[in-house]
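Student: Have a look at this one before I ask anything.
The values are calculated or read from the model by the stated rules, or taken from the named source; none is laboratory data. In this text, all values refer to a predicted model and were calculated from it rather than measured experimentally. Glycine also receives a Cβ, built like all others from the backbone with ideal geometry; neighbour counts cover every protein chain displayed.
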Number of protein chains: 2
Amino acid sequence: MQTVIIGSGNVAYHLAKAFIQNRIEIHQIFGRNEIELSKISKELAIPYSTENLAEADLYIIAVSDSAVENVSEFIKNDNALVAHTSGSLPKEILKGHYRKASFYPLQTFSKTKKLDYSKIPFFIEADDQIDEKLLFEIASVISDRVEISTYEKRKYIHLTAVFACNFVNHLFARAKEISDSQALDFNYFLPLIKETVEKISHIDPKSAQTGPA
Amino acid sequence: MQTVIIGSGNVAYHLAKAFIQNRIEIHQIFGRNEIELSKISKELAIPYSTENLAEADLYIIAVSDSAVENVSEFIKNDNALVAHTSGSLPKEILKGHYRKASFYPLQTFSKTKKLDYSKIPFFIEADDQIDEKLLFEIASVISDRVEISTYEKRKYIHLTAVFACNFVNHLFARAKEISDSQALDFNYFLPLIKETVEKISHIDPKSAQTGPA
């Protein structure tokens, strides 16, 4: 099976790396940003292109939500299976006559940080059970936590993640602004932050809530 | 030197435990809640009372912010040093003719979770340098991160902690509400949450901010 990853951002990079580490071949990595593509290509030994999208059986579109629809129109192979990695978009956003799917890794990615891919939950949706099974098996090579999902369910997973990750990080940024404004060392707050998170692995966050700090 | 801890909540318990673990003697633990006091007393082998506050050189008031002022009036020993552990209250909230101080551990505490006390930052304020030095030395037996502070500085430390800990935990609680409402397993979100926190040990939270999830 030929697989192409489209995108050169954090998700595309880590997905490509997770595939390669688990000996799943990537036929090509395709995108607009030649600098990033060539870096990924070099590190992971995957051919890249910014112009000629290779023929493949499976395309994984790992680009920003706003670009998914446009990018999906490049794929002209009606026999392909095309999956995007967005948490919030329905698979029907994909524009083409191919089979459509969602391949959603529930994690926050940054290029400079190593990740244990086996712990990342993957949520799979496809038009039929054969494609679901195929994507489930691919994700299972990478991760121990793969689930067949629905768009309805994924919307709530994504919303939960926005609260637990994006909004939380925004609070960290505001907290750091306050501490920077007083030339406090933000490292002082890391044990507190780690303990706040550590707690909710054992205790319901509602029970863990204390008064101000 | 005789030391008494007043309070039977999370902070009082962990402070008493940190003292005992580091061979600093606690003369008495004093409070209203006999059930909690007797548990702490039994575990740490410290005498307790709900009625007769022992004579001591140092009283540490580790009660909720709203109770600090009232509790401080029990102390009639004008030769004592009295410190509270509140992040937000000035030391002048203490009502008595004794010397006043602040002994603020920057951490979130719950009784059921073990903590590495050596990593907890302590911020010290007192009326004069002798008391500052005394409290600094006591805190330094427990922790590697002790600083002399000012009320002005502590207010900002506390505000930062409220953003980075209380508000963040509130978001975790809301996130869990959403995931519970759909019968999703909240454990799915723990790797995401841990990575969100892990990131800010290495990257400025502003740079770590991604789009929704």
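Student: If you take the residues in the stretch B:85-97 that are not in a helix (DSSP H, G or I) and not small (Gly, Ala, Ser), which one is farthest from residue B:9 (Cα to Cα)?
Tutor: Among them, the one singled out is B:97.
Student: Residues that are surrounded by fewer than 21 Cβ atoms within 10 Å (Cβ to Cβ), among the β-branched types (Val, Ile, Thr) and more than 7 Å from chain A (Cβ to nearest Cβ): list the helices (runs of 4 or more DSSP H) wholly contained in the stretch B:125-213 that include at least 1 such residues.
Tutor: Hits in the stretch B:125-213: B:129-142.
Student: If you go through the stretch B:1-49, how many residues are in contact with a Gly (Cβ under 7 Å, 6 or more places away or on another chain) and more than 23 Å from residue B:100 (Cα to Cα)?
Tutor: Residues meeting the conditions: 1.
Student: Here is a follow-up. Check B:102, B:110, B:118 and return the single one that is of a type in the set (S, T, N, Q) and part of a loop (DSSP other than H, G, I, E, B).
Tutor: B:110
Student: Still on this structure: Within the stretch B:47-59, can one find any residue that is of a type in the set (S, T, N, Q) and within 27 Å of residue B:151 (Cβ to Cβ)?
Tutor: No, because not a single residue in the stretch B:47-59 is of a type in the set (S, T, N, Q) and within 27 Å of residue B:151 (Cβ to Cβ).
Student: Determine which member of the set B:161, B:126, B:139, B:175 is of a type in the set (A, V, I, L, M, F, W, C) and over 30 Å from residue B:23 (Cα atoms).
Tutor: B:175
Student: Here are A:72, A:86: which of them is within 14 Å of another protein chain (Cβ to nearest Cβ), within 28 Å of residue A:54 (Cβ to Cβ), out of contact with any Cys (no Cβ under 8 Å at 6 or more places or on another chain) and of a type in the set (Ser, Thr, Tyr)?
Tutor: Only one candidate qualifies: A:86.
Student: Taking interchain pairs and intrachain pairs at least six residues apart, which have beta carbon atoms under 6 angstrom, with the first residue in the stretch A:65-92 and free of Cβ contacts under 8 Å to residues at least 24 places away in the same chain and among the β-branched types (Val, Ile, Thr) and the second surrounded by fewer than 18 Cβ atoms within 10 Å (Cβ to Cβ) and not in a loop (DSSP other than H, G, I, E, B)?
Tutor: Hits for this filter: zero, empty list.
Student: Here is a list of conditions, (1) part of a helix (DSSP H, G or I); (2) in contact with a helix residue (DSSP H, G or I) (Cβ under 9 Å, 6 or more places away or on another chain); (3) of a type in the set (Lys, Arg), and residue A:42 meets all of them except one; can you say which number that is?
Tutor: (2)
Student: Would you pick out the residues in the stretch B:105-153 that are in contact (Cβ under 8 Å) with a residue 12 or more places away in the chain and out of contact with any strand residue (DSSP E or B) (no Cβ under 9 Å at 6 or more places or on another chain)?
Tutor: B:107, B:108, B:109, B:110, B:111, B:115, B:118, B:119, B:141, B:144
Student: Looking only at the stretch B:47-106, how many residues end up being surrounded by fewer than 18 Cβ atoms within 10 Å (Cβ to Cβ), among the basic types (Lys, Arg) and touching a Ser or Thr at 6+ places or on another chain (Cβ under 9 Å)?
Tutor: The number of residues fulfilling the criteria is 1.
Student: Restricting attention to the stretch A:24-39, which residues are aliphatic (A, V, I, L, M) and in a helix (DSSP H, G or I)?
Tutor: A:35, A:37
Student: Moving to a separate point now. Would it be correct to say that residue B:82 is of a type in the set (A, V, I, L, M), closer than 18 Å to residue B:11 by Cα and either part of a strand (DSSP E or B) or outside the structural domain of residue B:20 (by TED's automatic domain parsing) (or both)?
Tutor: For residue B:82, the condition - of a type in the set (A, V, I, L, M), closer than 18 Å to residue B:11 by Cα and either part of a strand (DSSP E or B) or outside the structural domain of residue B:20 (by TED's automatic domain parsing) (or both) - is met.
Student: If I filter the stretch A:1-23 for residues that are in a loop (DSSP other than H, G, I, E, B), out of contact with any His (no Cβ under 8 Å at 6 or more places or on another chain), of a type in the set (Val, Ile, Thr) and free of Cβ contacts under 8 Å to residues at least 40 places away in the same chain, do I get at least one hit?
Tutor: no
Student: Within the stretch B:111-124, count every residue that is surrounded by 19 or more Cβ atoms within 10 Å (Cβ to Cβ) and within 25 Å of residue A:201 (Cα to Cα).
Tutor: Within the stretch B:111-124, residues that are surrounded by 19 or more Cβ atoms within 10 Å (Cβ to Cβ) and within 25 Å of residue A:201 (Cα to Cα) number 3.
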